[in-house]
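Here's the structure, in structure tokens; my notes come after.
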Amino acid sequence: KVYEPFDKAFHGRWIVSEKEEFNGVWKHAKSEGHDDYGLLVSEKARRYAIVKELDNVVSLKDGTVVLQYEVRLQEGLECGGAYLKYLRPQEAGWIPKEFSNESPYTIMFGPDKCGGTNKIHFILKHKNPKSGEYIEHHLKFPPSVPSDKLTHVYTAVLKPENELLILVDGEEKKKANFLSDDFEPPLIPAETIPDPDDKKPEYWDETEKIQDPDAKKPDDWEEDAPMEIIDEDAVKPEGWLDDEPEEIDDPEATKPEDWVDEEDGEWEAPKIENPKCEEAPGCGEWKKPMKSNPAYKGKWYAPLIDNPKYKGIWKPRDIPNPNYFKLDKPNFEPIAAIGIEIWTMQDGILFDNIIIASDEKVAESYRKTAWKPKFDAEKEKQKAEEVANAGELKGFQKMVFDLLYKVADIPFLGEHKSKVLDLLEKAEKQPNLIVGAVVSIIIIILTVFLMFIFGGKQQQPAKATGVTKKSDGAAASSSNRQGATEKKEEQNEDASAPRRRARRET
């Protein structure tokens, strides 16, 4: 019945809306990689509107009707529409040069994606014979939009048995019935509706539970009792060294020769953990620990009981729906024009091969002859690019590994070289670990470099705060003191460095 292949320029056959807000520029352009032309959305972040009047009005009431067209999202689709509108005759109150989102349509069909929206719309505008109002009925749970940049063909088949089929690339994605609950709202209204004039009585109580008015707080309920109290039964561990501090001045540290008290301030030796505390359960002032207060109960509240005045959740009474009607089949409005009215943040959207047919085989033949060869060619090109990219990735990985092996030969890595080589061997066997391996190697190199620059200064361990000492903490302290003894000159130098810098800057 209708076929638009866009083989020739669209001017004269399609009318671009003259409405000011629709400033997007339409172009007659080739699909990328093909000699086949289509109607192109050429600019980003624009509103577009264009319409074509049909030579003959298409009825949707007589047998099967197939709506089909191709779309290629050459730059992808992050936020925008790529759907068609099938418009009612102009007697409905519109003219082509003023085509807009207000123009009355019968069906809206096609991809739409933005934010949480990702679906192939099918919207039917159906007239309520009682109210005369046209209501949009949206297909529930529609298929999602293909996420690639290939040409796809979208098909909607309206069957005389009130059945709707949505196909993508000839594959059925959705089946629905116009007279079932597959649409929101349903085409057939509910027989009854809540009475809009019915109001909830003032005495109506919807509170299911209330606090027991007869309940009283027990006499022994102490609301102000603290959650924790001092454990009066706690006993100081035997051997606790009350007079020993947790940290002492490093007895082996010496004041740097260039330290001047008048300029640098009084020199203080760096701190180390008190060796006398290693074998003892603890040092310093001992305090009794806290424990949970058995008398603590918190704020008292009366228990909840069933509300004797509870009447349930109020609902207005139902009345017969004045707009209810029975329906054996939808009262489809005819199609007199095809329009594209979209807003999109993407360019490169290409429409092609728009068809309205009364035979599913006709639409299938166009899919085989017009769409499938293009799709197959695009698919092959995509596969070739994926293989090439994979090859480039392998080449890049080899280059990275060669560079990392050279890095592993840097003399200053010393004993850490074996760790680097081990990481490289694991990453070569499992290429997906290459990123983690690179990061790990960088960390090792930076660590060695910083140790080389700063003379291996070690961070002082945090002060112990517990009642008892942990064996591994003591071991760490011992290790730190050993390092401090072996590198006391470096530590003294580090301790004096900030003060010397401040003095010289002054």
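The values are calculated or read from the model by the stated rules, or taken from the named source; none is laboratory data. This one's a predicted model, so the numbers in the text were calculated from it and none came from an experiment. FYI the Cβ positions are ideal-geometry reconstructions off the backbone, even for glycines, and counts take in every protein chain you see. Calculation scope for accessible area: heavy atoms of the full protein, side chains included, ligands and nucleic acids excluded. Shrake-Rupley method; radii C 1.70, N 1.55, O 1.52, S 1.80 Å.
Could you list, in sequence order, the residues of the range 340-391 that are more than 14 Å from L150 (Cα to Cα), within 33 Å of the chain's Cα centre (by Cα) and open to solvent by less than 10 Å² (accessible area, probe 1.4 Å)?
Within the range 340-391, I340, I342, T344 qualify.
So which residues in the range 150-161 are farther than 19 Å from A82 by Cα and at pLDDT 95 or above?
Start the filter on the range 150-161 by keeping residues that are farther than 19 Å from A82 by Cα, which leaves 158-161.
L158, K159 - these are the residues of the range 150-161 that are farther than 19 Å from A82 by Cα and at pLDDT 95 or above.
Do you know which residues across the range 248-259 are open to solvent by 30 Å² or more (accessible area, probe 1.4 Å) and either touching a residue at least 40 places away in the same chain (Cβ under 8 Å) or touching a Leu at 6+ places or on another chain (Cβ under 6 Å) (or both)? Can you show your working first?
Step one: list which residues in the range 248-259 are open to solvent by 30 Å² or more (accessible area, probe 1.4 Å), which gives 248-249, 251-252, 254-255, 257-258.
Result: E252, T254, K255, D258.
Please find, within the range 289-299, the residue that is nearest to E238 (Cα to Cα) out of those that are of a type outside the set (A, V, I, L, M) and open to solvent by less than 80 Å² (accessible area, probe 1.4 Å). So that I can check it myself, show each step before the final result.
Keep residues of the range 289-299 that are of a type outside the set (A, V, I, L, M), which gives 289, 291-294, 296-299.
Right, trim to open to solvent by less than 80 Å² (accessible area, probe 1.4 Å) and you get 289, 291, 293, 298.
On the way: P289: 16, K291: 21, N293: 26, G298: 37 Å.
Ranking the candidates gives P289 first.
Looking at A302 and the list (1) assigned to a loop (DSSP other than H, G, I, E, B); (2) open to solvent by 50 Å² or more (accessible area, probe 1.4 Å), which single condition is not satisfied?
For A302, the failing item is (2).
Would you pick out the residues in the range 116-150 that are more than 14 Å from L179 (Cα to Cα), polar (S, T, N, Q) and not in a strand (DSSP E or B)?
Hits for the range 116-150 are S131, S144, S147.
Search the range 260-278 for residues being among the charged types (D, E, K, R) and part of a helix (DSSP H, G or I), and hand back the single one that is surrounded by the most Cβ atoms within 10 Å (Cβ to Cβ). Step through it out loud before you land on a result.
Going residue by residue through the range 260-278, those that are among the charged types (D, E, K, R) are 261-264, 266, 268, 271, 273, 276, 278.
With the extra rule that they be part of a helix (DSSP H, G or I), the set shrinks to 261-264, 276.
Details: D261: 9, E262: 6, E263: 12, D264: 17, K276: 13.
Applying the filter and picking the extreme gives D264.
Specify which of the listed residues (G33, G76, G63) is in a loop (DSSP other than H, G, I, E, B), in contact (Cβ under 8 Å) with a residue 60 or more places away in the chain and in contact with a Pro (Cβ under 6 Å, 6 or more places away or on another chain). Before you say what the answer is, go through the steps one by one.
Details: G33 fails: in contact with a Pro (Cβ under 6 Å, 6 or more places away or on another chain); G76 fails: in contact with a Pro (Cβ under 6 Å, 6 or more places away or on another chain).
Residue meeting the stated conditions: G63.
Looking at the range 89-99, is at least one residue closer than 17 Å to Q68 by Cα and assigned by the TED database to the domain that holds T155? Lay out the reasoning, then the answer.
Looking only at the range 89-99, we keep the residues that are closer than 17 Å to Q68 by Cα, and these are none.
Looking through the range 89-99, none of the residues is closer than 17 Å to Q68 by Cα and assigned by the TED database to the domain that holds T155.
Go through the range 149-175 and give me each residue that's more than 30 Å from H34 (Cβ to Cβ) and either without any contact (Cβ under 8 Å) to a residue 24 or more places away in the chain or surrounded by fewer than 19 Cβ atoms within 10 Å (Cβ to Cβ) (or both). Working first, answer last.
Taking the range 149-175 as the starting set, the residues that turn out to be more than 30 Å from H34 (Cβ to Cβ) are 158-164, 175.
Across the range 149-175, the qualifying residues are K159, P160, E161, N162, E163, K175.
Could you say whether any residue in the range 311-325 is free of Cβ contacts under 8 Å to residues at least 40 places away in the same chain and either surrounded by fewer than 13 Cβ atoms within 10 Å (Cβ to Cβ) or assigned by the TED database to the domain that holds S365 (or both)? Working first, answer last.
Of all residues in the range 311-325, those free of Cβ contacts under 8 Å to residues at least 40 places away in the same chain come to none.
The answer is no, given that none of the residues of the range 311-325 is free of Cβ contacts under 8 Å to residues at least 40 places away in the same chain and either surrounded by fewer than 13 Cβ atoms within 10 Å (Cβ to Cβ) or assigned by the TED database to the domain that holds S365 (or both).
I need the full set of residues from the range 229-247 which are surrounded by 13 or more Cβ atoms within 10 Å (Cβ to Cβ) and in contact with an Asp or Glu (Cβ under 8 Å, 6 or more places away or on another chain), in order please.
E246, E247
Please work out which residue is nearest to E70 (Cα to Cα), limiting yourself to the range 326-339 and to residues that are open to solvent by less than 30 Å² (accessible area, probe 1.4 Å) and part of a loop (DSSP other than H, G, I, E, B). First the steps, then the outcome.
Of the range 326-339, the ones open to solvent by less than 30 Å² (accessible area, probe 1.4 Å) are 330, 332, 335-339.
Cutting the leftovers down to part of a loop (DSSP other than H, G, I, E, B) gives us 330, 332.
Details: P330: 27, F332: 24 Å.
Within the range 326-339, the match that is nearest to E70 (Cα to Cα) is F332.
K85 fails exactly one of the following numbered conditions: (1) surrounded by fewer than 16 Cβ atoms within 10 Å (Cβ to Cβ); (2) within 30 Å of K374 (Cβ to Cβ). What is the number of that condition?
Result: K85 passes all but (1).
Here is a list: T117, T106. Which entry is out of contact with any Ser or Thr (no Cβ under 9 Å at 6 or more places or on another chain), β-branched (V, I, T) and loosely packed, with under 15 Cβ neighbours inside 10 Å?
Working: T106 fails: loosely packed, with under 15 Cβ neighbours inside 10 Å.
The match here is T117.
Would you confirm, using the coordinates I've provided, whether D409 is out of contact with any Leu (no Cβ under 7 Å at 6 or more places or on another chain) and at pLDDT 70 or above?
Working: out of contact with any Leu (no Cβ under 7 Å at 6 or more places or on another chain): yes; at pLDDT 70 or above: no.
In short, no.
Please verify whether the range 309-317 includes one or more residues that are assigned to a strand (DSSP E or B) and modelled with pLDDT under 95. I'd like the intermediate steps shown before the answer.
Residues of the range 309-317 that are assigned to a strand (DSSP E or B), as a first pass: 310.
Pick out the ones that are also modelled with pLDDT under 95 and you get none.
Among the residues of the range 309-317, not one is assigned to a strand (DSSP E or B) and modelled with pLDDT under 95, which makes the answer no.
Could you please tell me which pairs satisfy a Cβ distance under 7 Å, a separation of 6+ or placement on different chains, a first residue in the range 180-196 that is of a type in the set (V, I, T), and a second residue that is not in a loop (DSSP other than H, G, I, E, B)?
That search, which allows pairs on different chains as well, returns T192/D318; T192/I319; T192/P320; I193/D318; I193/I319.
Condition test on R72, is it open to solvent by 10 Å² or more (accessible area, probe 1.4 Å), of a type outside the set (D, E), touching a strand residue (DSSP E or B) at 6+ places or on another chain (Cβ under 9 Å) and more than 20 Å from L350 (Cα to Cα)?
Numbers: open to solvent by 10 Å² or more (accessible area, probe 1.4 Å): yes; of a type outside the set (D, E): yes; touching a strand residue (DSSP E or B) at 6+ places or on another chain (Cβ under 9 Å): yes; more than 20 Å from L350 (Cα to Cα): no.
So R72 does not fit the description; no.
Pairs only if they're at least six apart or on different chains, beta carbon under 9 angstrom, first in the range 286-304 and without any contact (Cβ under 8 Å) to a residue 40 or more places away in the chain, second in a loop (DSSP other than H, G, I, E, B) and surrounded by 12 or more Cβ atoms within 10 Å (Cβ to Cβ); list them, first residue then second.
Pairs that qualify, where the first residue is without any contact (Cβ under 8 Å) to a residue 40 or more places away in the chain and the partner is in a loop (DSSP other than H, G, I, E, B) and surrounded by 12 or more Cβ atoms within 10 Å (Cβ to Cβ), are K287/V467.
Polar (S, T, N, Q) and under 20 Å from Y154 (Cα atoms): does that describe Q68? It would help to see each step written out before you state the result.
Numbers: polar (S, T, N, Q): yes; under 20 Å from Y154 (Cα atoms): yes.
It is true that Q68 is polar (S, T, N, Q) and under 20 Å from Y154 (Cα atoms).
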